[in-house]
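Single-structure report; data block below.
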Amino acid sequence: MAHQDTAKMTKFDQAKAYAPQEEGTGFFDDGREIELLHFVYSHPDLENIRGSPEKVLQAIDEYGRTKKYLMNVGEDKGRIVCDLIAEVKPKVMVELGGYVGYSCVLFGNAVRKAGGQRYYSLEMNPEFAAVIMSLVDLAGLSDVVKVVVGSSDASIARLHAQGLLRHIDLMFLDHYKPAYTTDLKLCEELKLITPGSVLAADNVIKPGNPPYLEYVRDSVEEKRRKLGAAVKSESLPGKTVNQYQKRYGEMKFNQSPGNPDLVYESRLVHSFEPTGVPKKVYEGTPSATLASSPLPHAANLPSHLPTMAIFYRHEPKNILLILLSVLCLPISATITLASFLYFYLCTDEATRPQLHTTSRRKTILVTGISMTKGLTIARLLAKHTPHRIIAADTEPIPFTSPGRFSRAIAQFYRLSSPQGANTKPYVDSLLDLIRRENVHLWISCSSVLGAIEDGEVMRSAQKERGKQFHAVQFDSDVVNKLHEKDAFIEYIQSIGLLVPESHRCTSAAQVEDILTKSTSRNGTEKPKGGSTRFILKPIGVDDKARAQMMTLLPLSAGPKATASYLSMLNISPSNPYILQQYITGPEYCTHSLVVRGEVKAFVSCPSSDLLMHYAPLPVESPLNTKMLEFTKRVAEEGGEEFTGHLSFDFLVEGEGQNAKLYPIECNPRAHTAVVLFRETPAMAEAYLSCFESELSLRKPLVVPAKPTRSYYWIGHDLVTLLLIPALTLFSGEGSVEEVKSGLETLWQHLVHWRDGTYTAWDPVPFFMLYHVYWPSRFLESLVRGKEWSRINVSTTKMFAC
């Protein structure tokens, strides 16, 4: 543990001082919060305030200086936390205690500028929360800030149970002082606070919070000795303990044991209250000691912990989702029937897609038709080319593939699934289909697990059939080079492009050695922005290992703690890991079609861990241009034999022309982002360029046609934006505001976005996806007891627990 008191303070500008704080507890919750809202919305400069976080803050400050005191964080303390945000660059930040939204607007804006994705403001008082939401909306921060109403511990547990809050990168504690320690313990137990997280706690010296300071300063041994003991509030000032008693009565706290194996590096930072009174902000960074002795059994501890909501458990969630499908069946059936009637009765014959005509000259095979990406490509080719389109895919359950029933294809074939490590049945069935149908062009839309096998099929088919066969699929050598994380980084570096520092590691000792050398180098060079940190992730596909991938190394507790953590991982020559420089900027993904080393089509969009909303970046934007240039460079290096789908994941530092791209992964296969080309006929022509001679004239790069559309999946949104918030509300844990927010987003998508699967001229795949495929998978999970943690509607993938 390390504790540091930074005594240096700047002089306070008295011209900016708030009105004096009233005595007792009469300085808040007396109507001034609503009065503030009227003051801001009646401000003569209101139109200039709209959309400007800075001007909203100025208006709040004006009220605090000229009208009544507000218990805001203020400019001076706010600057400390904003500097911390710029340093940490949190993807997710949580604030406990929002009051009127000053800190929420200030820090939410800072998080957005730092490339963050979400700022949660947890506020117990619904009136205060309403003020926060109104000012957040006025500041134009609703896309980043989420206000959650309710007690802090219940809100934390609920967000975690819903899967909305998986990790807290930075947490600001400024709520009910006795809850500082209990809420921190709850976050530790839920693994929301882990090594790499940063805490900023206000008011720990004045009015004071001895229990919190004691907890974050305790050693592992001291924390274990105190396990099970309730947090005592006797050492807290009486005014602090009783300030909410009038409205809420006696406050109750969760009794989480926390994680005693976390210790904290910390420092006190002197600053001022907005009235000019000196204060101290306490910053803490947890780091794991990961001692080998086990924790006491939970049964021996007093436990009143929030439990997982019943609808998240295996049996209830599968049954609920099957019932949702049944309830929506009449609506989907009506939409499907109406689509058929409209297509045949109201659409002019000349404008209908001419499907499966005798004029088709070649046979084009699309595999992966069950997924949105394969279905999108098949539909484009069916509508905008004269060729015969056939499709194939593996089916976990026979006759359930949504793509099987598409009007875009002339024939569907079920491929044999790999039998464990034996992929020969799959490879043989696909090669046999190519021979039997005399396929001229094969467009592969493989999943991550079939990319290498498809590369083997492409090589074998080209060798067997010669120049009469073409494939949008890289061969197995290229797939291996681009698919494996370490090989990809090594290759990109070899052609002179920027990459994050990366190391292939086959033992824990090797990781320790690299971290030691990096720490020594950082100490000598003093790099800008602090020491280089790393993340460690398995090179192979491992959905279960995702939770540990964002642990920052080396751990702040020192070499012994880092070694203890690494010993828990199964790092070996047969299970190698990649140690990669941690980049804190936003993530983007791309999709491109490359034919003979030339990029024929390209799109980019913001990315996330489970990407279910696709919105393209503007073609002219600097980021899109930089990612396109990167893709062209890789394609050119591939040469004349380089044909396939090429997708990259980037982390970005900086903005605009000064942005730096760090490629972190390559997907040498089709990406679901191809759905952004659904209304772009030129995309079909781009695929046909595989047949063109090398001397043919180059055509312009294909980008999504204007007006560009954004895409969502109604099944995913119904569950995440409507069903889960409603069930949470009915269980007594949620809020009306969360339901309202979800409904507003859902309505926005229904009206202005497009569903990724549904299209009027080919509605059956949409019906089959939600009323045959997924109900069958949920029923299979129930019968076989196969538990899953999440699903991806667009790729029809179910992630095992």
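If a residue has to be acidic (Asp, Glu) and either under 14 Å from GLY64 (Cα atoms) or modelled with pLDDT of 80 or more (or both) to count, how many in segment 15-47 make the cut? Total satisfying the criteria: 5. Within this structure, GLN493 fails the test of being open to solvent by 60 Å² or more (accessible area, probe 1.4 Å) and over 23 Å from GLU636 (Cβ atoms).
Taking helices (runs of 4 or more DSSP H) that fall entirely within segment 704-801, which contain at least 1 residues that are basic (Lys, Arg)? Give the derivation first.
On the way: elements: 714-717, 724-730, 736-752, 764-768, 774-784.
Correct list: 736-752, 774-784.
In summary, HIS716 fulfils each of the numbered conditions (1) surrounded by fewer than 21 Cβ atoms within 10 Å (Cβ to Cβ); (2) modelled with pLDDT under 90 with the single exception of condition (2). Every condition in (1) closer than 25 Å to GLU738 by Cβ; (2) loosely packed, with under 14 Cβ neighbours inside 10 Å holds for GLU47 except the one numbered (1). Within segment 110-129, the residues that satisfy the criterion of being more than 18 Å from ASP174 (Cα to Cα) and not in a loop (DSSP other than H, G, I, E, B) are ARG112, LYS113, ARG118. Scanning segment 578-617 for residues that are under 15 Å from TYR662 (Cα atoms), open to solvent by 30 Å² or more (accessible area, probe 1.4 Å) and outside any loop (DSSP other than H, G, I, E, B) turns up GLN581, GLU587, TYR588, PRO606.
Determine, yes or no, whether GLY742 is open to solvent by less than 50 Å² (accessible area, probe 1.4 Å) and either in the same structural domain as GLY450 (by the TED database) or over 23 Å from ALA157 (Cβ atoms) (or both). Walk me through how you get there before you give the answer.
On the way: open to solvent by less than 50 Å² (accessible area, probe 1.4 Å): yes; either in the same structural domain as GLY450 (by the TED database) or over 23 Å from ALA157 (Cβ atoms) (or both): no.
Considered against the rule, which asks whether it is open to solvent by less than 50 Å² (accessible area, probe 1.4 Å) and either in the same structural domain as GLY450 (by the TED database) or over 23 Å from ALA157 (Cβ atoms) (or both), GLY742 comes out as no.
For segment 424-459, a tally of residues being of a type outside the set (A, V, I, L, M, F, W, C) and over 25 Å from GLY540 (Cα atoms) returns 7.
If you scan segment 151-166, which residues turn out to be in a loop (DSSP other than H, G, I, E, B) and open to solvent by less than 20 Å² (accessible area, probe 1.4 Å)? LEU165, the sole residue that qualifies.
Determine if segment 62-79 includes at least one residue that is open to solvent by less than 10 Å² (accessible area, probe 1.4 Å), free of Cβ contacts under 8 Å to residues at least 60 places away in the same chain, in a helix (DSSP H, G or I) and under 22 Å from TYR41 (Cβ atoms). Checked segment 62-79: at least one residue is open to solvent by less than 10 Å² (accessible area, probe 1.4 Å), free of Cβ contacts under 8 Å to residues at least 60 places away in the same chain, in a helix (DSSP H, G or I) and under 22 Å from TYR41 (Cβ atoms).
For segment 430-454, name all the residues that are among the polar types (S, T, N, Q) and surrounded by fewer than 18 Cβ atoms within 10 Å (Cβ to Cβ). Let's see the steps before the verdict.
Initially, segment 430-454 is screened for residues among the polar types (S, T, N, Q), giving 438, 444, 446-447.
Selection gives ASN438 alone.
Look at segment 37-53: where a residue is aromatic (Phe, Trp, Tyr) and a partner is open to solvent by less than 40 Å² (accessible area, probe 1.4 Å) and at pLDDT 90 or above, sitting 6+ places away or on another chain with Cβ atoms under 7 Å, you get PHE39/TYR63.
Residues that are under 33 Å from the mean Cα position of the chain (by Cα) and either part of a helix (DSSP H, G or I) or of a type outside the set (Val, Ile, Thr) (or both) within segment 409-427 comprise LEU415, SER417, PRO418, GLN419, GLY420, ALA421, TYR426, listed in sequence order.
Restrict the check to segment 375-387 and report whether at least one residue is at pLDDT below 95, open to solvent by 20 Å² or more (accessible area, probe 1.4 Å) and over 18 Å from PHE343 (Cβ atoms). Looking for residues that are at pLDDT below 95, open to solvent by 20 Å² or more (accessible area, probe 1.4 Å) and over 18 Å from PHE343 (Cβ atoms), one finds at least one in segment 375-387, hence yes. Only one of the numbered conditions (1) open to solvent by less than 20 Å² (accessible area, probe 1.4 Å); (2) within 29 Å of ALA129 (Cα to Cα) is violated by VAL751, and that is (1).
Remark: pairs (first residue in segment 84-95, farther than 19 Å from GLU587 by Cβ and of a type in the set (A, V, I, L, M, F, W, C); second residue open to solvent by 10 Å² or more (accessible area, probe 1.4 Å) and at pLDDT below 90; Cβ separation under 7 Å; 6+ apart in sequence or on different chains) = LEU84/VAL198; LEU84/GLU283.
Scanning segment 632-668 for residues that are surrounded by fewer than 21 Cβ atoms within 10 Å (Cβ to Cβ) and among the β-branched types (Val, Ile, Thr) yields a total of 1. Condition check for ILE489 on (1) closer than 28 Å to ALA86 by Cβ; (2) modelled with pLDDT under 90; (3) among the β-branched types (Val, Ile, Thr): one failure, at (2).
The values are calculated or read from the model by the stated rules, or taken from the named source; none is laboratory data. Everything numeric in this text was worked out from a predicted model, so none of it was measured. Please note: Cβ atoms are built from the backbone with ideal geometry, for glycine as well, and neighbour counts cover all protein chains shown. Ligands, DNA and RNA are excluded from the accessible area calculation, which covers all protein heavy atoms including side chains. Shrake-Rupley method; radii C 1.70, N 1.55, O 1.52, S 1.80 Å.
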